[in-house]
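S.K.: This is the structure I want to talk about, given as structure tokens.
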Amino acid sequence: MAKLKVTSEWWTSPAESESGNLVIVTGRCDIENIKATGNFNDRIEISWKYEGDDKGMPDFATSSMMEKVTDAFNTTFDKDPVAVMTGIYTGDNLRNWIFYTQSNNIFGRKLNEALANFELLPINIYAEKDPEWEEYKEMCEQAEIMKGE
């Protein structure tokens, strides 16, 4: 079986929240081969609410900690791609990391492994079936709209 090719290439685009605040959207490029496996049917969203500035963006300390968490996710899931991070949203007092996974149970174990060296973080985890990758499609469509303006 060929090793799953997960690119480290990302795009970034501004978007607007429902409240009108800026949200920075970062999406993974070239994920067609991952979708094509048909194995990554569950979407997991990890959310971190924070007290942002007047524009809803995190302060430097919070932003730095979020980047360390992102790096830990990438390190853990690059070694064992049971899940692929496909998007990151930051703004409007919220950071969301979006993953597609083969197994929620294995994802949970890997998530604990990724976060083992951190103090307790203010995160929430949500999972649902998304075999058509609707969230990823919507993220890309929104980014294209914003890029075209």
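The values are calculated or read from the model by the stated rules, or taken from the named source; none is laboratory data. Since the model is a prediction, treat every value here as computed from it, not as a measurement. So basically every Cβ, Gly included, is an ideal-geometry build from the backbone, and we count neighbours across all protein chains shown.
S.K.: Restricting attention to segment 87-98, does a residue exist that is assigned to a loop (DSSP other than H, G, I, E, B), touching a Ser or Thr at 6+ places or on another chain (Cβ under 6 Å), hydrophobic (A, V, I, L, M, F, W, C) and closer than 15 Å to Met139 by Cβ?
M.R.: no
S.K.: Scanning segment 38-70 for residues that are farther than 15 Å from Leu115 by Cα and of a type in the set (Lys, Arg), which turns out modelled with the lowest pLDDT?
M.R.: The residue in question is Lys55.
S.K.: Regarding Glu119, is this residue over 16 Å from the mean Cα position of the chain (by Cα), at pLDDT 95 or above and either surrounded by 12 or more Cβ atoms within 10 Å (Cβ to Cβ) or not in a helix (DSSP H, G or I) (or both)?
M.R.: Judged against the criteria, Glu119 is not a match.
S.K.: Kindly list, by first and then second residue, each pair from a residue in segment 37-58 that is without any contact (Cβ under 8 Å) to a residue 40 or more places away in the chain and under 16 Å from Arg95 (Cα atoms) to a residue that is surrounded by 15 or more Cβ atoms within 10 Å (Cβ to Cβ) and among the aromatic types (Phe, Trp, Tyr), limited to pairs with Cβ atoms under 6 Å and residues at least 6 apart or on different chains.
M.R.: Listed pairs, sorted by first residue: Pro58/Tyr50.
S.K.: Could you list, in sequence order, all residues of segment 6-39 that are surrounded by fewer than 17 Cβ atoms within 10 Å (Cβ to Cβ) and among the charged types (D, E, K, R)?
M.R.: Selection gives Glu9, Glu16, Glu18, Asp30, Glu32.
S.K.: Within segment 40-70, which residues are among the small types (Gly, Ala, Ser) and either more than 20 Å from Gly108 (Cβ to Cβ) or surrounded by 16 or more Cβ atoms within 10 Å (Cβ to Cβ) (or both)?
M.R.: Of everything in segment 40-70, those that are among the small types (Gly, Ala, Ser) and either more than 20 Å from Gly108 (Cβ to Cβ) or surrounded by 16 or more Cβ atoms within 10 Å (Cβ to Cβ) (or both) turn out to be Gly52, Gly56, Ala61, Ser63, Ser64.
S.K.: Out of Ala72, Ala61, I need the residue that is among the small types (Gly, Ala, Ser), over 15 Å from Val25 (Cα atoms) and over 16 Å from the mean Cα position of the chain (by Cα). Which one?
M.R.: Step by step, each of Ala72, Ala61 is checked, and only Ala61 is among the small types (Gly, Ala, Ser), over 15 Å from Val25 (Cα atoms) and over 16 Å from the mean Cα position of the chain (by Cα).
S.K.: Kindly indicate whether Phe73 is part of a helix (DSSP H, G or I), surrounded by 11 or more Cβ atoms within 10 Å (Cβ to Cβ) and among the aromatic types (Phe, Trp, Tyr).
M.R.: Considered against the rule, which asks whether it is part of a helix (DSSP H, G or I), surrounded by 11 or more Cβ atoms within 10 Å (Cβ to Cβ) and among the aromatic types (Phe, Trp, Tyr), Phe73 comes out as yes.
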